[in-house]
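Right, one structure below, let's go through it.
The values are calculated or read from the model by the stated rules, or taken from the named source; none is laboratory data. Everything numeric here is computed off the predicted structure, so don't read it as measured data. Cβ placement follows ideal geometry from the backbone for every residue including glycine, while neighbour counts extend to all protein chains displayed. Areas reflect the complete protein model, heavy atoms only, side chains present, ligands, DNA and RNA absent. Shrake-Rupley method; radii C 1.70, N 1.55, O 1.52, S 1.80 Å.
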Amino acid sequence: MIKFFLMVNKQGQTRLSKYYERVEINKRTMLEAEVIKNCLSRSKDECSFIEYKDFKLVYRQYAALFIVVGIDQTENEMAVYELIHNFVEVLDKYFSRVSELDVSFSVSEIHLL
């Protein structure tokens, strides 16, 4: 099961977050900081799957954006890895070329609706 979905930039700023389990706001901030630090500190040669506390992190980097998905221990990492890529392909078709600005704009646009 997917626990959360994050989109962050190289500076570690969260651009999009969606939680599928209840997490208090102050704990979200701490969780995101730790997750982002773990993902950004890894080299490109390292695996995109990280065992973290009681769940796994699956992430992919696209230009200046990192997409990180937190999953439970029973979830298939490769399926989530492909899910991330499919999500980016959909964004790429919608925006023609996905950028951090596009994501920030679309998120604020969604909140206004």
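Amide H to amide H under 5 Å from Phe4: which residues, 5+ apart in sequence or cross-chain, H placed 1.01 Å off N in plane?
Tyr20, Gly70
Tell me the per residue accessible area of the range 2-112 using a 1.4 Å probe; a whole number in Å² is fine. The partial results should precede the final answer.
Values: 7070 Å² over 111 residues.
The answer is 64 Å² per residue.
What residues have an amide H closer than 5 Å to that of Leu16, excluding those fewer than 5 places away on the same chain, when H is modeled at 1.01 Å from N in the peptide plane?
Here the answer is Met7, since their amide H atoms fall under 5 Å of that of Leu16.
I want the local charge near Tyr20. Using Cβ-Cβ distances under 13 Å, sum +1 for each Lys or Arg and -1 for each Asp or Glu among the other residues. Don't skip to the answer; put the middle values down first.
Working: positive: Lys3, Lys18, Arg22, Arg28; negative: Glu21, Asp72, Glu75.
Summing Lys/Arg as +1 and Asp/Glu as -1 gives +1.
Summing +1 for each Lys or Arg and -1 for each Asp or Glu, what net charge is found among the other residues whose Cβ lies under 14 Å from the Cβ of Ala79?
Working: positive: Lys56, Arg60; negative: Asp72, Glu75, Glu77, Glu82.
Every neighbour counted, the sum reads -2.
State to the nearest 20 debye the size of the charge dipole of the range 2-112 about its Cα centre, where the only charges are +1 on K and R beta carbons and -1 on D and E beta carbons. Working shown, then result.
Details: 15 positive and 17 negative charges, 56 e Å.
Once rounded to the nearest 20, the dipole reads 260 debye.
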